[in-house]
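Read the figures in this text as sums done on the coordinates, not as results from a lab. Keep in mind that this is a model prediction, so the values were computed, not measured. Note that we place each Cβ from the backbone using ideal geometry, even for glycine, and neighbour counts take in every protein chain shown.
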Amino acid sequence: MVDSSAGVIWSSNMSRSMKNPVAQLLDTGNLVLRDEDHHFIWQSFDHPGDNLLPGMKFGIDLVTGINRIFSSWRSDVDPSLGSFTNRLDTNGFPQFLVSQGSVILMRTGRWNGYGFKGLPKQSSNGIYKDEFVFNAKEIFYRFHLINTTSAIMRFLLTPTGDSKILVWNDQEQIWTVYLSLLDTDCDHYGLCGGYGICRIKKTPRCECLRGFVPKFQEKWKTADWSSGCIRRTNLVCGTDEGFLKYSSVKLPDTRHSWYNMKMSLHECEKLCLKNCSCTAYANADARRGARSFGGNETEANTSRVVGTYGYMSPEYAIDGQFSIKSDVYSFGVLLVEIVSGVKNRLFSHPDHSLNLLGHAWMSYNQDKLLQLIDGVIVRGSEYFEVFRVIQIGLLCVQHDPKDRPVMSQVVLMLSSNMKLPHPKHPGFFMDRYLLKADQFSSNPSLSSSNQLTITTILPRE
């Protein structure tokens, strides 16, 4: 897009040449750049601002790396980048987070097959329906109008950080609020702290779970519950321990949790009882864990996915597909963790939402690996050796198992000075700015709608 003086106002940053390109604004509101064969080269729906329109995907394409993040305006009249973002967090069990900078303000909770557990409860309205897709290729939410002529709706992230669904009032020619997602005090992130529970209809709002007491009693008296609760008595991990059932609650933040879509609730309980660090378990799908797959199932699929999230390869964690490349992936995570001194599951950065692997890959491509390395390692090692270890680690965690080396090749890489290939993007990587132009298509393959939820939490007494 250029002005009258041929000065560039905006560019899609696409280097791919096209034959007879056409820019078209579709009836959906999607501005697309397509070729003469109607293949989309670029589309505005992949680069949202502060609005989510019907049919627009909100989430991550794990194949191309597109991460659709919503950003608020600075003010109602200033469309420049504001302070608030709404994004999908794939650490642990996927959920959507609204943040101000690096501070989380609210989260949606988990999808329960019908809606997000942490959002205001809705009955069937006949106006729109929700969809949540979760598979090895993409994770996203979108909504569809049931009757495209019945209403005009949009989701808005306001300059003050509020998330609202607006509907157009044609008679008064104004947008009216249909639903506000931040509805009560209990919607605020971490209001009651760890092992605390928020009661919407009670005053004060917060109380401790059974068997727990406020960590700092004086703070609780001043309505500061953020420090949470601690156990009244120490946990003795043995055969006499059990779980107390809580129903119809929004689960705690499970960004550092582990999940298995093919395990029954009873199997999950037995596994949790054997692990003293497991404090609670819950249903991962309100519809008894049903999943749908496209294409042929392979013999590499397993019905038991056991491992620590953050170290499991994406194809194993999501679809149960295991191979010798799965162990290579785990080894690569360990290499990057050792060199950086940070765990993949616990990593956070104020400037982006990438996990440790994504941050390492970005640092590698920007020649900023020195900033990634733990200072203790730098003082006792040669830079070249440390850089090489990071590169090998990134080769091990590439998204496509076919691109990863086998362990014998990894050993050779570590013990020699052989030339190394450049690593491709890692598994669970998300960054829309590093996407190649030729990875877009107007005919994406159909995804299996894999609606998930966690509806019941059972903490260990």
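Among 1-11, 337-347, 365-375, 395-405, sorting by the average number of other beta carbon atoms lying within 10 angstrom of each residue, highest first, gives 395-405, 337-347, 365-375, 1-11. Given K201/K221; K129/K274; K250/K343; K325/K419, which pairs have Cα atoms separated by over 29 Å? Going by Cα-Cα distance, K129/K274 fall outside the 29 Å limit.
For segment 125-209, the dipole from Cβ point charges (+1 on Lys and Arg, -1 on Asp and Glu) about the Cα centre works out to 220 debye, to the nearest 20.
Judged by the mean number of other Cβ atoms found within 10 Å, the most tightly packed of the peptides 192-198, 247-253 leads the ranking 192-198, 247-253.
Residues whose amide H lies under 5 Å from that of E138, counting only those 5 or more places away or on a different chain, are L62; hydrogens are built 1.01 Å from N in the peptide plane. For segment 139-274, relative contact order (Cα pairs under 8 Å, six or more residues apart, normalised by length) works out to 12 percent.
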